[in-house]
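Chemist: Structure provided below as structure tokens; questions to follow.
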Amino acid sequence: MATTIRTVCAHDCPDMCSLLVRVENGRVVRISGDPDQPFTAGFACSKVNRDGELVHSPERLKTPLRRVGVKGEGRFAPISWNAALEEIAARWRAIIAESGPLAILGYAYSAHQGLMNRGLVNGLFHALGTSRLQAGTVCDTCCEEAWNATVGPIGGADPEAVVDADLVIAWGADLMATNVHFWAKLEAVRKKGVQLVVIDPRRSRTARGADWHLPIRIGTDAALALCIMHILVRDDLADRAYLAQQTLGFERVEREVLPRFTPDRVAGITGLSVADIERLAALYGKARTPFIRLGEGMTRLAQGGQALRAVALLPGVTGAYGRPGGGAMLMTAASCELDYNVVRKPSGPASTRLVNHLRLGEALLEMSDPPLRAIFIAANNPAVTCPEAGKVRRGLMRDDLFTVVHDPFLSVTARYADIVLPATTYLETEDLYRAYGAYYMQYGQRAVEPQGEAWSNVRVAQALAARLGVTDPVFGQSQAEILAAMMKGARGPSAAVAAQDLPAAGPVRIAPEGGQQFRTPSGKLEFYSAALEGQGLPPMPDWQPDPEETRDAARWPLRLLTAPGYFQSHTAFSGVPFLRRREGAPFCVLHPDDARARGLADGQSVRLFNDRAEVGLKVRVSDEVQPGVVLVPGQRPDDEAVSGTVNMLCSDRYTDIGEGATYQSTYLDVKAW
Ligand SMILES: Nc1nc2c(c(=O)[nH]1)N[C@H]1C(S)=C(S)[C@@H](COP(=O)(O)OP(=O)(O)OC[C@H]3O[C@@H](n4cnc5c(=O)[nH]c(N)nc54)[C@H](O)[C@@H]3O)O[C@H]1N2
Ligand SMILES: Nc1nc2c(c(=O)[nH]1)N[C@H]1C(S)=C(S)[C@@H](COP(=O)(O)OP(=O)(O)OC[C@H]3O[C@@H](n4cnc5c(=O)[nH]c(N)nc54)[C@H](O)[C@@H]3O)O[C@H]1N2
Ligand code: SF4
Ligand SMILES: [Mo]
């Protein structure tokens, strides 16, 4: 029997493609992009084209497992679901009785973007009153908080409006790797002669395909943005009427900050030439509808919040935020207003003890009153993808820690578990989705039955709730009922479709109308943020060298640059052998000068090291990176690498805004293995 199912890609990706999945005899045989969703425009990316192989991978977990070996070793014996759930419930009940619920930490992270499959697991732990994960600090809390302080908690420019742009800047975003459908939209715009400028320390594929690439020095974007403002003011290209009506505090920035950001000085800071900076400012200042696609790349370091904030303020200076096609887009999700609390916060205390995602290792090793005695991890591979991965693993090695991991694969993290639960992949689930890089929401249908004994996140959350006596209605409802409850609280464009119509509706466009709205405390674009000031942070955008980075740079010759791999972005695709081969063995990239100075040849095994750890990768020698930088794409599991994983080298220091991860504030050296 053959059918085609309309569903949605659930991977952690801004595009949230609408998919057509061809199923024959219960197997996924082909995946293609839905031509009826304008942003997806009929194609899925090269990774998801292969998701049939993810679903039917021989490496999938088939049954629940109980540990028989040492933690981390990966020796397990199959057990039944009933036995697994009974053991988990009994252990948690005992821990709660002895130490209280704070001794447990449980969460689902982002590998399944479905609002129920992600939300309900977190809702279970909310209802239990356990410690809570301050999630996403490994990813986007820095850029999100910086955006919120500047523009407010609201989506940015509609990526489909880029057809009306007269200049496009990809600023710290490798569109071909992480936002490929926006790249596709750009191709049409560029045919009309609109230029694409890429600001990125490395010559990414996007940079290679652009009209102009500015290889900025890592961590200096705020200085560049402020210098562009300096030139716009100098050359009378600022839109004074827009600034007066829609923004707050520009006069003070103009008086107190901009004079210090002269082209001469900023050339020294950024490594760009004065001529290039002048040319960029002129191009930007003369464009009427310049579209900036903000990436997270510039925020993965100590002063990342300042960087994003300064760049997000630029369209306010020329009034581009007021014109469709112009403005800036970091994310769109904040504009989809549903009642998420139905799944995320069914009951339980309003506040509790928080564990910062990127300090998971420290929390497992050092938290007291009470110490963490149990952890439940779904849709996340922290032993590879969290900074201080070594600490995470030392924490997971604790004999007195009861660890449960729910995953479709025996991930590196799962090897440390006491109980491993087999998870479905998204194609075996149904859910409601909303994109974070486009203005769509859609209900995605299940394409195939759960493989082996795999259970979805929703089913696991409901089964555990039942065993633990958690009685909130959401844990006993069907997904249709949960959907209806979430939609009851919908506001804005998302409220236009009735819950019962959603499952068959296909993609629903939820784009806001008109120019950029601001949801800051003042209702304006905030050049001056009293909220930041209240947190002891600089209220105005600025750039200063970071003292700790300056100190580390004096000790170590190289700085880490990190970006998703093209075929192995995080670890979620490591269950597909074809994609592993396409990406190749885990590698780093060194500039020819740095390779020569160390006597290293392309393809050789190398040792990357600093005070924290030493890891082994293959080296590629290429001038796509600048001298003094070592690029490590993706975060790959150890067994594919010569040794270890890159996050063993990265500290768990916080960014300036949003307590985010500072992977790129990592300094190190590379030698032959
Ligand atoms: N298909 C697919 N798409 C994905 C993902 C996926 O796994 N698959 N992952 C998603 C996730 S979770 C995330 S968080 C996003 C991340 O995607 P992006 O927002 O694009 O962020 P990064 O990939 O971290 O970095 C993007 C670029 O920033 C550059 N960069 C690094 N440092 C600096 C700097 O100091 N200044 C400037 N100007 N540029 C810098 C890097 O070289 C890189 O090319 O992608 C999402 N998109
Ligand atoms: N050095 C460095 N480290 C980084 C980054 C970086 O740029 N540099 N980027 C950071 C960023 S932006 C992010 S978002 C994180 C991503 O880090 P992770 O969230 O750890 O991402 P994945 O590697 O995709 O791991 C997700 C796990 O979920 C499993 N999974 C997939 N689908 C499901 C499901 O439906 N249910 C369950 N229960 N499990 C499922 C997958 O098999 C996989 O093991 O990494 C961060 N780490
Ligand atoms: S581009 Fe992103 S949303 Fe689209 S199929 Fe690929 S991973 Fe999924
Ligand atoms: Mo991310």
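The values are calculated or read from the model by the stated rules, or taken from the named source; none is laboratory data. Computed from a predicted structure; not experimentally measured. Ideal geometry is used to build each Cβ from the backbone, glycine not excepted, and the neighbour counts take in all protein chains shown. Please note that ligands, DNA and RNA were not included when accessible areas were found on the heavy atoms of the full protein model with its side chains. Shrake-Rupley method; radii C 1.70, N 1.55, O 1.52, S 1.80 Å.
Chemist: Of Ala531, Thr550, Thr562, which is farthest on the positive side of the dipole of the stretch 449-563, counting Cα position, with +1 on Lys and Arg Cβ, -1 on Asp and Glu Cβ, and the Cα centre as origin?
Modeler: So the residue furthest toward the plus end is Ala531.
Chemist: When the Cα centres of the stretch 128-204 and the stretch 437-516 are compared, how far apart do they sit, in Å?
Modeler: Distance between centres, Cα-based: 25 Å.
Chemist: Among bridges DSSP assigns within the chain, what percent are antiparallel (round to 5)?
Modeler: Once the DSSP bridges in the chain are tallied, antiparallel ones form about 45 percent.
Chemist: Further, regarding this structure: Net charge near Asp594: determine it from the other residues with C-beta under 15 Å of the C-beta of Asp594, scoring Lys and Arg +1 and Asp and Glu -1.
Modeler: +2
Chemist: So what is the relative contact order of the chain, in percent, for Cα pairs below 8 Å that sit 6 or more residues apart?
Modeler: About 20 percent, as a whole number.
Chemist: Going down the table (Lys47/Lys185; Lys185/Lys618; Lys191/Lys286; Lys192/Lys286), which pairs top 24 Å between alpha carbons?
Modeler: Beyond 24 Å between Cα atoms: Lys185/Lys618.
Chemist: Then there is this: Under the rule a/c < 1.5 gives rounded, and otherwise a/b versus b/c splits prolate from oblate, where does the stretch 547-672 land using the Cα gyration tensor?
Modeler: Judged from the Cα gyration tensor, the stretch 547-672 comes out oblate (a/c at least 1.5, b/c at or above a/b).
Chemist: Follow-up question, since we're still on this one. Name the long-range amide H neighbours of Cys17: under 5 Å, sequence gap of 5 or more, or other chain; modelled H, no Pro or chain starts.
Modeler: Residues meeting the amide H criterion: Cys9.
Chemist: Oh, and also: Measuring from label point to label point, each 7 Å out along Cα→Cβ, what is the Arg66 to Lys191 span in nm?
Modeler: 6.2 nm
Chemist: Apply the Karplus curve 6.51 cos²θ - 1.76 cosθ + 1.60, θ = phi - 60°, to the phi angles in the stretch 610-616 and return the couplings in whole Hz, x for Gly and Pro.
Modeler: Result, ordered by residue: 8, 5, 7, 6, 9, 10, x Hz.
Chemist: Give the lysines whose C-alpha is closer than 23 Å to that of Lys71, dropping any in the same chain fewer than 8 places away, or say none.
Modeler: Counting by Cα, and skipping residues close in sequence, Lys71 has these lysines nearby: Lys62, Lys391.
Chemist: Ok, one more. As an exercise, identify the trypsin sites (Lys or Arg not before Pro) in the stretch 528-589 lying in DSSP coil whose Cβ has no more than 10 other Cβ atoms within 10 Å.
Modeler: Qualifying residues, ordered by number: none.
Chemist: Find, among the GluC sites (Glu not before Pro) in the stretch 501-583, those assigned to loop by DSSP (not H, G, I, E, B) with at most 14 other beta-carbon atoms within 10 angstrom.
Modeler: Filter output for the stretch 501-583: Glu513.
Chemist: Excluding residues on the same chain fewer than 8 positions from Lys671, give the aspartates and glutamates whose Cα lies under 15 Å from its Cα.
Modeler: Asp593, Asp594, Asp602, Asp611, Glu614
Chemist: Let me ask you something else. What's the magnitude of the charge dipole for the chain around its Cα centre, counting Lys and Arg as +1 and Asp and Glu as -1 at the beta-carbon? Answer in Debye, nearest 20.
Modeler: Approximately 880 debye in magnitude.
Chemist: Tell me whether the stretch 2-55 comes out rounded, prolate or oblate; compute the Cα gyration tensor, take square roots of the eigenvalues as a ≥ b ≥ c, and use a/c under 1.5 as the rounded threshold.
Modeler: Oblate shape, in that a/c is at least 1.5 and b/c is the bigger or equal ratio.
Chemist: Also: Subtract the Cα-Cα distance of Thr471 and Val29 from 0.36 nm times their separation in residues, and report this length gain in nm to one decimal.
Modeler: 155.1 nm
Chemist: Same structure, new question: Once the Cβ-Cβ distance between Ser622 and Met397 is put in as r, and R0 is 41 Å, what FRET efficiency do you end up with, to the nearest 0.05?
Modeler: Once the sixth-power term is evaluated, E becomes 0.65.
Chemist: Another question, then. For the pair Lys286 and Lys488, what calculated FRET efficiency results from E = 1/(1 + (r/R0)^6), where r is the Cβ-Cβ distance and R0 = 56 Å, to the nearest 0.05?
Modeler: That pair, Lys488 with Lys286, gives E of 0.70.
Chemist: Measuring from centroid to centroid over Cα atoms, what is the spacing of the stretch 367-395 and the stretch 396-432 in Å?
Modeler: 13 Å
Chemist: Here's another thing I want to ask about it. What is the extension gain from Gln245 to Ala597, computed as 0.36 nm multiplied by their sequence separation minus the C-alpha to C-alpha distance, in nm to one decimal?
Modeler: Extra length available between Gln245 and Ala597 comes to 121.2 nm.
Chemist: Moving on to the next point. Please check which bits of the stretch 567-596 a label hung off Glu614 would reach, taking the label as a point 7 Å along Cα-to-C-beta and the cut-off as backbone N under 18 Å.
Modeler: Residues passing the 18 Å test: 588.
Chemist: Using only helices, what value at 222 nm comes out for the chain when you add -39,500 (n - 2.57) per DSSP H run of length 4 or more and divide by the total residues, to the nearest 500 deg cm²/dmol?
Modeler: -8500 deg cm²/dmol
Chemist: Still on this structure, please answer the following. When we measure straight from the Cα of Lys488, which lysines land under 24 angstrom away, once same-chain ones fewer than 8 places off are left out?
Modeler: Lys345
Chemist: Working out 0.36 nm times the residue gap between Asn341 and Ala41, then minus their Cα-Cα distance, what length gain in nm do you get to one decimal?
Modeler: So the extension gain works out to 104.8 nm.
Chemist: Are there any trypsin sites (Lys or Arg not before Pro) in the stretch 235-304 that are in a DSSP loop and have at most 14 other Cβ atoms within 10 Å? List them by number.
Modeler: Sites meeting the loop and neighbour criteria: Arg288.
Chemist: To continue, here is another question. Where does each of 462-474, 111-123, 499-511 land if you order them by average Cβ count within 10 Å, highest first?
Modeler: Ranked by mean Cβ neighbours within 10 Å, highest first: 111-123, 462-474, 499-511.
Chemist: Okay, moving on. Let me know the shape class of the stretch 301-367, please: from the alpha-carbon gyration tensor, a ≥ b ≥ c as square roots of the eigenvalues, rounded when a/c is under 1.5, otherwise prolate if a/b is greater than b/c, or oblate.
Modeler: It comes out oblate by the Cα gyration axes.
Chemist: Apply 1/(1 + (r/R0)^6) to the Cβ-Cβ distance of Asp264 and Asp236, taking R0 = 25 Å, and write down the FRET efficiency to the nearest 0.05.
Modeler: My answer for the efficiency is 0.80.
Chemist: Take the solvent-accessible surface of the protein heavy atoms, probe 1.4 Å, and return the percent of it on the chain that carbon and sulfur atoms account for.
Modeler: 50 percent
Chemist: Within 12 Å, Cβ to Cβ, of Glu59, how many net charges do the neighbouring residues add up to if Lys/Arg are +1 and Asp/Glu are -1?
Modeler: For residues surrounding Glu59, the net value is 0.
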